[in-house]
1. So, of the residues in the range 135-185 that are open to solvent by less than 60 Å² (accessible area, probe 1.4 Å), at pLDDT 90 or above and among the small types (Gly, Ala, Ser), which turns out to be farthest from Gly57 (Cα to Cα)?
2. If Lys207 meets every condition in (1) crowded, with 18+ Cβ neighbours inside 10 Å; (2) at pLDDT below 95; (3) basic (Lys, Arg) apart from one, which number is that one?
3. What about Thr72, is it exposed (fewer than 12 other Cβ atoms within 10 Å of the Cβ) and not in a loop (DSSP other than H, G, I, E, B)?
4. Checking the condition in a strand (DSSP E or B) and at pLDDT 95 or above, which residue from Val116, Val54 passes?
5. Would you be able to tell me the number of residues in the range 11-54 that are closer than 26 Å to Ala186 by Cα and of a type outside the set (A, V, I, L, M)?
6. Being closer than 26 Å to Val180 by Cα and of a type outside the set (A, V, I, L, M) narrows it down to one residue among Asp105, Asp71; which is it?
7. May I ask you to list pairs of residues, at least six apart or on different chains, whose Cβ atoms are under 9 Å apart, with the first in the range 94-115 being at negative phi and the second being exposed (fewer than 10 other Cβ atoms within 10 Å of the Cβ)?
Amino acid sequence: MGELHLNRDNFDWDAIDGNAFWLPDGTAVAEWEAYLTMLRTKENDSVGAAVEVVVRGAPAGLGAPVYAKLDTDLAAAMMSINAVKGVEIGEGMAAAGLRGTENADEIFMGNDGQPVYSSNHAGGILGGISTGQDIVVRFAVKPTSSILTPRQSITKEGDAIEVITKGRHDPCVGIRAVPVGEAMAACVVLDHLMLHRAQVGEGPRGKIGPQDG
């Protein structure tokens, strides 16, 4: 959120539902609250945020290599949320700074006969199809437009005007976007589960192919 970044060394799944920021680090909540309060009450300003949604337990094989790609549908769903200005899957934009040897998620056969990955830079989706790993989608929310600080604009006639938005306005709409992003991701994954069932029928969880028919 703005200048603040999550310390992933303190990542705690159980902390997410225990604070108003949906922050997976209970030790940082006080700092984030003070930062946002300062922006709202002292600087009459707002701030943007990055929201990460993780889908756990999705089976491998959802999606398609060209049409109905899982990551395409996830990106479209996130971009449909108000104030969202960017979406990335897995490493996303950061992948541009990696080498192939760093970015590749190597695959090994596990003791249970199932594939095991060395990493998850792809965000659980390869070639438009889920791998069975956690699906990681991240989206950026712009700062709230309605702020008390005067902004310059024009009227419909083209005349200069100063805009000051009064009333109660959230200094960071990214907080409200968290459950919306979760819901959108769930809808997309459910759509693909139903598409898979329609195409190949029921089958063992995580295994898809002709044997499922």
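1. My answer is Gly158.
2. All conditions pass for Lys207, except number (1).
3. For Thr72, the condition - exposed (fewer than 12 other Cβ atoms within 10 Å of the Cβ) and not in a loop (DSSP other than H, G, I, E, B) - is not met.
4. Residue meeting the stated conditions: Val54.
5. 14
6. Asp71
7. Pairs that qualify, where the first residue is at negative phi and the partner is exposed (fewer than 10 other Cβ atoms within 10 Å of the Cβ), are Pro115/Phe108; Pro115/Met109.
Matching residues to (1) in a loop (DSSP other than H, G, I, E, B); (2) open to solvent by 40 Å² or more (accessible area, probe 1.4 Å); (3) aliphatic (A, V, I, L, M); (4) touching a residue at least 24 places away in the same chain (Cβ under 8 Å):
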| site | (1), (2), (3), (4) |
| --- | --- |
| Leu4 | yes, no, yes, yes |
| Val29 | no, no, yes, no |
| Glu33 | no, yes, no, no |
| Ser46 | yes, no, no, yes |
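The values are calculated or read from the model by the stated rules, or taken from the named source; none is laboratory data. It should be emphasised that the depicted structure is a prediction, and the values quoted were computed from it without experimental measurement. Quick reminder, even Gly has a Cβ in these numbers, built from the backbone with ideal geometry, and neighbours come from all protein chains shown. The protein model used for the area step is the full one, side chains on, heavy atoms only, and it has no ligands, DNA or RNA in it. Shrake-Rupley method; radii C 1.70, N 1.55, O 1.52, S 1.80 Å.
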